[in-house]
Amino acid sequence: MERYYQPEIECASREQIKAWQDERLVKQVQHVWEHMPYYRKKMEAKGLTPADIKGTEDLYKLPFLSKADLREAYPYGLLAKPLKDCVRIQSTSGTTGKRVVAFYTQHDIDLWEDCCARAIVAAGGTDEDVCQVSYGYGLFTGGPGLNGGSHKVGCLTIPTSSGNTERQIMFIRDLNATILCCTPSYAAYLGETMKEMGLTPDQIPLKAGIFGAEAWSEEMRQDIQNTLGIKAYDIYGLTELSGPGVSFECSAQSGMHINEDHFIAEIIDPDTGEVLPEGAQGELVFTSITKEAFPLLRYRTRDICSLSREKCSCGRTHVKMVKPKGRTDDMLIIRGVNVFPSQIETVLLNHGYPANYQIIVDRVKSTDTLDVQVEMTPEMFTDNLGEVSRRQTELVEGLRSMLGLAAKVTLVAPKSIVRSEGKAVRVIDRRKI
């Protein structure tokens, strides 16, 4: 029996969803025009005023926003509410160390938590459940989003945050946790650890998991489901739009329903910006139609996927997005953290290294590893192991400070990284995704 958190919204008719989107888009464009000079200038450059946007059929006329705009407008340029009306920020790392900072009013947080509550109920959650939130808390949106959603559903919430695996397993077992929320790679690691402890799936109280913030394959889903004895659900979101809960999987596990009462999705040709027809694969673009403090219009996610309006067996009527196939930029997602080669390059150049490096990403025991191989200059080159070790430690700290995660650094001899005639092969991703 399928359950819904807000059935009147999640199972609304297509006509009703369209009516909500038309009305909210018109209102949002007016709000942005009046309170966000940065975007108003973009509209004026295209000769647009709010009067030109009468509904979703006019959405294509509006200018795009991208990560570059977020960097340029940092920190307050895309804020559309007075600071006194904002109650929180969340943040994610940007491409060159400048962070993406998103602002929230209390109303924004309430709507975001509703979206996460829908995801928990779609995974079978009720007020009888114990929900362990093992996403990171703090600036990262994973922990706070699912924490709020779990409260709204009425679950007993265990805010363990990430790490400390022994404690995670202790709480799962002692408090009979039934729903686990974390990154898929951490879920796989927890599963492996429990297996090593001799626990079989029927001795693990969990029944469902809500996993997101990094790419994962169907094979990985099956492994997690088998090891933990659960049903594993995908969830998608971006800090720029609110966080997890922009879309989520239902019992069909065949794509994620987008919360269309809050977000309008489009698929565009990443090169031309042209809107593509239903079912075509291209870059996913979102327009936030209910956010007050940080309302992004036509935000380019860089994720490549397609949309489907085929009738879903779960009864929800909101459009589904397939699992993103990749990205149009060079961003890597490592242990749930956004990592750009340009960030690594910045650290190396700041420490006096040439831009000859290679990033090797792998997955060992279900955990992502990041190994940065860096060429020394002839002047730096030495067989003094103590000096090499000191330099490596210095770079490890520099990268930790820039990326917010630990990377392994290996200093190699000058000219030992293969040169390429064309585009340098900076990244070798050995993960099977």
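The values are calculated or read from the model by the stated rules, or taken from the named source; none is laboratory data. Keep in mind that what you see is a predicted model, and the values were worked out from it rather than measured. Here Cβ is always computed from backbone atoms with ideal geometry, including for glycine, and neighbour counts include all displayed protein chains.
Before moving on, here are some points about what is shown:
- Residues considered: Leu48, Leu65, Leu111. Of these, the only one that is within 24 Å of Ile258 (Cα to Cα), out of contact with any His (no Cβ under 7 Å at 6 or more places or on another chain) and touching a residue at least 12 places away in the same chain (Cβ under 8 Å) is Leu65.
- Pairs with Cβ under 8 Å, 6+ apart, first in segment 334-359 and on the phi > 0 side of the Ramachandran plot, second of a type outside the set (Ser, Thr, Tyr) and surrounded by fewer than 17 Cβ atoms within 10 Å (Cβ to Cβ): Arg335/Leu405; Gly352/Met380
Rundown of residues vs (1) more than 19 Å from Gly136 (Cα to Cα); (2) touching a Lys or Arg at 6+ places or on another chain (Cβ under 8 Å); (3) in a helix (DSSP H, G or I), yes/no style:
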{"position": "Met194", "(1), (2), (3)": "yes, no, yes"}
{"position": "Gly198", "(1), (2), (3)": "yes, no, no"}
{"position": "Leu241", "(1), (2), (3)": "no, yes, no"}
{"position": "Gly245", "(1), (2), (3)": "no, yes, no"}
{"position": "Ala252", "(1), (2), (3)": "yes, no, no"}
{"position": "Glu260", "(1), (2), (3)": "yes, no, no"}
{"position": "Ala265", "(1), (2), (3)": "yes, no, no"}
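- Scanning segment 213-236 for residues that are in contact with a Gly (Cβ under 7 Å, 6 or more places away or on another chain) and over 21 Å from Ser313 (Cα atoms) gives Ala213, Glu214, Ile224, Thr227, Leu228.
- Taking the criterion of being in contact with a Cys (Cβ under 6 Å, 6 or more places away or on another chain), hydrophobic (A, V, I, L, M, F, W, C) and closer than 21 Å to Leu238 by Cα, the residues of segment 130-188 that qualify are Val133, Leu146.
- Lone qualifier among Arg302, Arg335 - being over 23 Å from Val26 (Cα atoms), touching a helix residue (DSSP H, G or I) at 6+ places or on another chain (Cβ under 7 Å) and not β-branched (Val, Ile, Thr): Arg335
- The condition (being out of contact with any helix residue (DSSP H, G or I) (no Cβ under 8 Å at 6 or more places or on another chain), farther than 30 Å from Leu48 by Cα and in a loop (DSSP other than H, G, I, E, B)) is satisfied by just one residue among Gly124, Gly136: Gly124.
- Tally of residues being surrounded by 13 or more Cβ atoms within 10 Å (Cβ to Cβ), among the aliphatic types (A, V, I, L, M) and touching a Pro at 6+ places or on another chain (Cβ under 9 Å) across segment 28-77: 5
- Odd one out for Asn226 among (1) surrounded by fewer than 24 Cβ atoms within 10 Å (Cβ to Cβ); (2) not in a helix (DSSP H, G or I): (2)
- Count of residues meeting criterion [touching a Gly at 6+ places or on another chain (Cβ under 9 Å) and outside any helix (DSSP H, G or I)] in segment 340-356: 2
- Among the candidates Leu307, Leu276, Leu228, residue that is hydrophobic (A, V, I, L, M, F, W, C), free of Cβ contacts under 8 Å to residues at least 24 places away in the same chain and more than 30 Å from Pro75 (Cβ to Cβ): Leu276
- The set of residues from segment 56-104 being over 16 Å from the mean Cα position of the chain (by Cα) and either on the phi > 0 side of the Ramachandran plot or among the charged types (D, E, K, R) (or both) comprises Glu57, Asp58, Lys61, Asp69, Arg71, Glu72, Lys81, Lys84, Asp85, Arg88, Gly97, Lys98.
- Residue in segment 282-289 that is in contact (Cβ under 8 Å) with a residue 40 or more places away in the chain, of a type in the set (Gly, Ala, Ser) and either outside any strand (DSSP E or B) or surrounded by fewer than 20 Cβ atoms within 10 Å (Cβ to Cβ) (or both) present: no
- Selected residue (only one of Gln392, Gln343, Gln373 is at pLDDT 90 or above, surrounded by 17 or more Cβ atoms within 10 Å (Cβ to Cβ) and either touching an Asp or Glu at 6+ places or on another chain (Cβ under 8 Å) or of a type in the set (S, T, N, Q) (or both)): Gln373
- Test: residue in segment 237-252 that is within 23 Å of Cys312 (Cα to Cα) and without any contact (Cβ under 8 Å) to a residue 60 or more places away in the chain: no
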